[in-house]
1. Amide H to amide H, which residues 5 or more places from ALA37 or on other chains are under 5 Å from it, using H placed in the peptide plane?
2. With the other protein chains left in place, how much accessible area per residue, in square angstrom, belongs to the stretch 3-85 at a 1.4 angstrom probe?
3. How about the stretch 144-208: which GluC sites (Glu not before Pro) there lie in a loop by DSSP and see at most 13 other Cβ atoms within 10 Å?
4. Helix 129-143 against the longest principal axis of the chain: what's the angle in degrees, Cα atoms only, rounded to the nearest 10?
5. Does anyone have the angle between helix 192-211 and the longest principal axis of the chain? Alpha-carbon axes, 0 to 90°, nearest 10?
6. Checking the a/c ratio against 1.5 first, then a/b against b/c, what shape does the Cα gyration tensor give for the chain?
7. What residue among ALA88, ALA52, ALA137 shows peak mean-square fluctuation when the chain is described by a Gaussian network model with Cα springs under 10 Å?
8. How large is ³J(HN,Hα) for each residue in the stretch 150-164, as worked out from phi by the Karplus curve 6.51 cos²θ - 1.76 cosθ + 1.60 (θ = phi - 60°), to whole Hz, x for Gly and Pro?
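The values are calculated or read from the model by the stated rules, or taken from the named source; none is laboratory data. Just so we're clear, the structure is a prediction, and the values are computed from it rather than from any experiment. Note that each Cβ is placed from the backbone with ideal geometry, even for glycine, and that neighbours are counted across all protein chains shown. Ligands, DNA and RNA are stripped out before the accessible areas are found, and what is left, the full protein with its side chains, is counted by its heavy atoms. Shrake-Rupley method; radii C 1.70, N 1.55, O 1.52, S 1.80 Å.
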Amino acid sequence: MRLAELSERSGVSTATIKYYLREGLLAPGRQVNATTAEYDESHLRRLRLVRALIQVGRVPVATAREVLGHVDDESLGRTIRLGAALWALPQVPEPDETDPAVAAARREVDRLLSSLGWATARELGPLSPVHRSLVVALATLIRLGYAWDAELMAPYAKLMHQVAMRDLDFLETHGSEAERVETAVAAAVLFEPVLRALHGLAQEEESARRYGL
């Protein structure tokens, strides 16, 4: 397809597509002549991901470029490739290690991962921004007097493992490795609000079932 058709199908203006091309967020099309290039379905798929990152996720262009670089890095194994792309997304800042609540949170997270047998999560802990996010969130709860510990978190973690299995089953339905990683990154931006909303709806439903309206 030509640029005009790519713009029409994606809903992205030609000027914006040219900007994405200049910034390295979109691979060049196949050059037909000096002034014309052709694009394919991979460009359309990538445009959707770029829009998700920049317009929905509010990810800066430089960060989006880093994320997409990991998506396209075929030298990495699937788990590392996926992790690197997701870790490049904006994350919570480093916790204050002098805070006693942070130390307590780290102990509880370590106890949780040990009890679940999540060896990879424990090994990657110091590097993983998602591990850091859990520590920061748990430290906040502890600081506010909510005594969440490994035992309380374990049932939730097991449920989220079921969600993770469903996530990866869905990724396996995509043909190429790049599509799978692209889908995972898009889901991190677009699907998290869906999960939060489903959680809220489930709470409303269960509350009404138990206590009435």
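1. The answer is LEU3, VAL32.
2. Counting only protein heavy atoms, the per-residue value for the stretch 3-85 is 56 Å².
3. Counting only loop positions with at most 13 other Cβ atoms within 10 Å, the GluC sites (Glu not before Pro) in the stretch 144-208 are GLU172.
4. In the chain, helix 129-143 runs at an angle near 40 degrees to the longest axis.
5. The two axes meet at around 40 degrees.
6. It is prolate, given that a/c is not under 1.5 and a/b is the larger ratio.
7. ALA137
8. Whole-Hz 3J(HN,Hα) from phi for the stretch 150-164: 4, 5, 5, 6, 4, x, 5, 4, 5, 5, 5, 5, 5, 4, 4.
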